[in-house]
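Undergrad: Dropping the structure in here first, questions after.
Rule-based calculations on the coordinates, nothing more; no lab input. Note that the structure is predicted; figures quoted are calculated from it, not measured. So basically every Cβ, Gly included, is an ideal-geometry build from the backbone, and we count neighbours across all protein chains shown.
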Amino acid sequence: MSTALLYDGTALVGRHLQRIRHAPAIPVMTQTMPVVFLLFFGYVFGGALAMPGSDYRAYLVPGMLVATAANGIMTGMFTAAQDTHRGVMDRFRTLPMSRAAVPLGQSAADLVTATAGLVPLVAVGLAMGWRIEGGAPGALAAFGLLLLFRFAATWLGILLGVVSRSEEAAGQLGSATFMLPLLSNAYLPTAGMPGWVRTLAEWNPISAVCTAVRELTGSAPVPHGASWPVAHPVAGALAWCAALLLLSVPLAVRRCARAGH
């Protein structure tokens, strides 16, 4: 990473953090709703669901952590669409700065807020009875994987935001990303799903990351007979993160540099 990119990116991290401070609606919503959902699913459905080999709440908390990380798609999309369609990207293009600094600053600032947002969710999960059985190395690996997935999801959101036709279109598509965890094993195992739905769910990147976090924290065993990303969750999760970054980073940087054209 060049010195100019690091300097410009750091300056834009500050800009985005100030922006979040003065307009906190989206981060508050994306960090508050997971706690509400965790309490709702954990206490309303938790008593009615029997999980083979594990407690439902222990299964649910890692899934909710990953679902929250996936919200980086939505927040990245909203912010990038606003900057693109309000002419901010065009102003940045006139400045003597690295063209990668704008999306890098946004994704790094989002990572800072996402890290802070994990604290109340983890605290509520622990209060509900979830425990990290995998030890300190497993916990560090699990949270590192969560943040890597959030970083990759944010870059995908930035790409979708800068190619969107309008802020309204980005808002509609961003809201639809709430459906992605539903078609995964974030909330329920895929074993009971119909064949084609189970295949889609297990090839959803969220499923691989959820299974990896559960394995690393000792919350639930790896399911038998699953598709490759879920049967090899850590490798599958890292592969999905790498694929998302390899796809999104160069395209997002290129589109940010050409915004408005």
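Undergrad: How many nm is it between the label spots at Leu147 and Ala235, if each spot is 7 Å from the Cα in line with the beta carbon?
TA: Reported label-point gap for Leu147 and Ala235 is 2.6 nm.
Undergrad: Another question, then. Hey, what's the per residue convex hull volume over the C-alpha atoms of region 90-230, in cubic angstrom?
TA: 151
Undergrad: Could you put Asp90, Asp55, Asp110, Asp83 in order, starting from the residue whose Cβ has the fewest other Cβ atoms within 10 Å?
TA: Asp90, Asp55, Asp83, Asp110
Undergrad: A further question follows. In the Gaussian network model of the chain, springs joining C-alpha atoms below 10 Å, which of Trp130, Trp196, Trp228 carries the largest mean-square fluctuation?
TA: Trp196
Undergrad: Moving on. Please arrange His224, His85, His232 by how many other C-beta atoms lie within 10 Å of their C-beta, fewest to most.
TA: His224, His232, His85
Undergrad: At Leu140 and Ala176, where each label point lies 7 Å from the Cα along Cα→Cβ, what is the point-to-point distance in nanometres?
TA: Going from the Leu140 label point to the Ala176 one covers 4.1 nm.
Undergrad: Viscosity 0.692 mPa s, temperature 37 °C: what is the translational diffusion coefficient of region 149-261 from Stokes-Einstein with a Kirkwood Rh over Cα pairs, rounded to a whole number of µm²/s?
TA: Answer from the Stokes-Einstein relation: 216 µm²/s.
Undergrad: May I pose another question? Give me Rg/Rg_expected for the chain, where Rg uses Cα atoms only and Rg_expected = 2.2 N^0.38 Å with N residues.
TA: Rounded to two decimals, the normalised Rg is 1.02.
Undergrad: Excluding Gly138 itself, what net charge comes from residues whose Cβ is under 13 Å from its Cβ, given Lys and Arg +1 and Asp and Glu -1?
TA: That sum, taken over residues with Cβ under 13 Å, equals 0.
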